[in-house]
Amino acid sequence: MEGLPVNILVINCGSSSVKYALFDGHGKMVKSGKRERLGRQSEQRAQTHQQAVASIMDDIAAFSIDAVGHRVVHGGLDCQQSMLIDEAVLAAIEKHIPDAPMHNPFSLAAIHAAKNNLPDVPHVAVFDTAFHSKMPRRATQYAIDQDIATRFGIRRFGFHGISHEYAAGIAAQFLERPIDELRLITLHLGNGASACAVEFGRSSETSMGNTPLEGLVMGTRSGDVDAGVLLTLLRSGEFTVEELDELLNQQSGLAGLSGLGNDLREIELAAAEGNDRARLAINVFAHRARKYIGAYAAAMGGVDAIVFTGGIGENSASMRARILQRLEFLGAVLDDDLNRDAMVANDQDFAVITTERSRVEAIVVKTNEELMIAKETQKVVSESQAIAPKPIPIAISARHCHLTKETFATLFGEDATPTVYRELSQPGQYACEQRVNLIGPRNRIDNVRVLGPLRSVDQIEISRTDEFKLGVDAPVRDSGNIRGSAPITLEGPKGRMHLSEGLICARRHIHMHPDDAATYQVNDKDEVAIAIKGGVRDLIFGDVLIRVKDSYALEMHIDTDEANAAELSRASQGDLRVPDIDDDLNDDSCVTATDAQAVVVDVVKRLK
Ligand code: AMP
């Protein structure tokens, strides 16, 4: 937020409350407040949310507001990033009312009320689902009939994304490591509760699913329940759909288990006095959270830190201790004193609660969704004012290998050196005469081009289609980030080499010189959305990584699958800067120019 002279009003609309916070251009909160216990009848409640916003406007009448950021729980697939609120965004929020009936109607009411009061400033929607929108398909799909899933939009979205992203960012700051090197498990434990596997900066799994009902035990929500239970209750004839909704959303969780309401403070007091249902509630809550930690550590192949946030995560030392019990096998060793004394009262605050010898840190972070929303709002507003830049040449990367000196020697002989087959568009890079065979568990791919110069780590880049041919599961990664990637065996004329990791699907990216970065108003490691023009099918690629270096020439690299999706044709020689020499997009060429060009349509997210 540094340096921009703007006041941003953040409206965080919950099912029965509206919180607001006013930030100045330096990210400092200058005023905040809350309206609670808004009406319980749904029609009245929408009315009351509007009234709450109107009275918030009275609170802040003395300030000039430059932009408003709204938290919106469900944006679905239509809104996978923060967006300026226009008719289409309003329609998307409305469309997802059935998926988030406790939240989206009230957000809409609050947005309308705020727009009425502040009609001349930009309003931005920041979605709880957006952080999870890049989860891999294995995490988004339920194992049900896919035709029915598609027809009814049944897939996992995940929620609490603003809080998970914030907590992960603070944890990375504490660990003094870039977030894209870290495997974190964030636990947002409040009245709503969810866990998230934040793998190298992105959500790769989260416990809430199609609705905010799945996963952990919550204040009044059940979290995971065998779907068969719903069938049993429906068949009993004793419940209407509305009653089941009420049972699972309002009468379950800590409240249902304990019979004492949803406040863990009360339940912990009762448990200390011997109340058996209160003890059961605490045990089920902790057991479920611990189960998810184990599952996410397995799904990510390891974990560097476990992060607690939300009302319970920040305040209940005994619940944190229970959850972390038995996790010593993972490397997380609780320090009882640090845990008991952990206080995170201030913004951007954190406390470590594991011992010095603990390999996995546990950290308590005070969540600050409002600050995240303010930052997103400022980013969306400033980007919306940016000028559309010039087009970017596109090149298609076929499968190829970057090898170390040692691997090269094993495959081609001690005395062999890479010989240049042709120069590539990026200065200093070349395709080599040498080729290797990739041998996977299922099949092999022969004659894969080696690229020079040799590197300090082996990295083999293939497409998704190649992956299925080889029978391997290669993650989508930035170049150079191969930790925990897939194994592969390489075969050369002089020998074989088994790599325990190094096989990736390269993430689509754009090389650019710092001058180009200035033109496009992007930075190294930004993620952008790119519209492809000139293919048979126009296509917008999200999730394109910006890579800035003095030595780079402006060019977007996509793989053969991505090129096929846009039905790109190759350029005739000389059309673009990259020479086009090979005949087939899937043959041994490593970078082939296309007739198409790309345009940055949006800067999605800054990873800083
Ligand atoms: P949140 O939804 O994040 O505001 O969390 C609210 C919940 O946090 C409350 O309903 C309580 O269950 C829990 N909570 C807040 N303070 C404490 C505390 N000191 N000890 C235990 N639980 C707490």
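Below are the figures for this structure:
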| quantity | calculated |
| --- | --- |
| Pair list, Cβ under 7 Å, 6 or more apart: region 310-327 residue assigned to a loop (DSSP other than H, G, I, E, B), other residue aliphatic (A, V, I, L, M) | S316/L264 |
| Options H112, H164; residue that is in a helix (DSSP H, G or I) and within 16 Å of the ligand (Cβ to nearest atom) | H164 |
| Conditions (1) within 30 Å of S32 (Cα to Cα); (2) more than 13 Å from the ligand (Cβ to nearest atom); (3) under 24 Å from the mean Cα position of the chain (by Cα); (4) crowded, with 17+ Cβ neighbours inside 10 Å; number of the one not met by T309 | (2) |
| Flag if R422 is more than 25 Å from D516 (Cβ to Cβ) and in contact (Cβ under 8 Å) with a residue 60 or more places away in the chain | no |
| Which listed residue is buried (at least 19 other Cβ atoms within 10 Å of the Cβ), part of a helix (DSSP H, G or I) and at pLDDT 95 or above, from A92, A171, A125, A139 | A171 |
| Residue that is nearest to the chain's Cα centre (by Cα) [pool: residues in region 443-480 that are surrounded by fewer than 14 Cβ atoms within 10 Å (Cβ to Cβ) and of a type in the set (G, A, S)] | G480 |
| Qualifying helices (runs of 4 or more DSSP H) (wholly inside region 176-266; at least 3 residues being out of contact with any strand residue (DSSP E or B) (no Cβ under 6 Å at 6 or more places or on another chain) and crowded, with 19+ Cβ neighbours inside 10 Å) | 253-258 |
| Hits in region 150-161 - residues which are at pLDDT below 95 and assigned to a helix (DSSP H, G or I) | T150, R151, F152 |
| Residue match in region 377-392 (condition: in contact with a Lys or Arg (Cβ under 8 Å, 6 or more places away or on another chain) and surrounded by 21 or more Cβ atoms within 10 Å (Cβ to Cβ)) | no |
| Filter result for the condition that a residue is more than 20 Å from the chain's Cα centre (by Cα), buried (at least 21 other Cβ atoms within 10 Å of the Cβ) and among the polar types (S, T, N, Q), over S55, S82, S64, S107 | S107 |
| A395 in contact (Cβ under 8 Å) with a residue 12 or more places away in the chain, among the aliphatic types (A, V, I, L, M) and assigned to a loop (DSSP other than H, G, I, E, B) | no |
| Close pairs (6 angstrom Cβ cut-off, 6 or more residues apart or separate chains): on the phi > 0 side of the Ramachandran plot in region 516-529, not in a helix (DSSP H, G or I) anywhere | Q521/A386; K525/L607 |
| Count - residues of region 317-338 that are within 13 Å of the ligand (Cβ to nearest atom) and either surrounded by fewer than 22 Cβ atoms within 10 Å (Cβ to Cβ) or over 13 Å from L189 (Cβ atoms) (or both) | 5 |
| Residues located in region 33-52, provided they are within 12 Å of K19 (Cα to Cα), surrounded by 13 or more Cβ atoms within 10 Å (Cβ to Cβ) and at pLDDT below 85 | L38, H49 |
| Boolean, V364 is in contact (Cβ under 8 Å) with a residue 24 or more places away in the chain and outside any loop (DSSP other than H, G, I, E, B) | yes |
| Of the criteria (1) touching a helix residue (DSSP H, G or I) at 6+ places or on another chain (Cβ under 6 Å); (2) charged (D, E, K, R); (3) surrounded by 19 or more Cβ atoms within 10 Å (Cβ to Cβ), which one E314 fails | (1) |
| Every residue from region 147-161 that is surrounded by 24 or more Cβ atoms within 10 Å (Cβ to Cβ) and more than 16 Å from the ligand (Cβ to nearest atom) | F157, G158 |
| Residue satisfying all of: in region 339-354; modelled with pLDDT of 95 or more and of a type in the set (S, T, N, Q); nearest to the ligand (Cβ to nearest atom) among these | N339 |
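Yes or no, residue by residue, for (1) in contact with a Lys or Arg (Cβ under 9 Å, 6 or more places away or on another chain); (2) within 11 Å of the ligand (Cβ to nearest atom); (3) hydrophobic (A, V, I, L, M, F, W, C):
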residue	(1), (2), (3)
L254	no, yes, yes
A270	yes, no, yes
A278	no, no, yes
I293	no, no, yes
A305	yes, no, yes
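The values are calculated or read from the model by the stated rules, or taken from the named source; none is laboratory data. Remember, predicted model here, so these are calculated numbers, not experimental data. All Cβ positions, glycine included, derive from the backbone under ideal geometry; neighbour counts span all protein chains shown.
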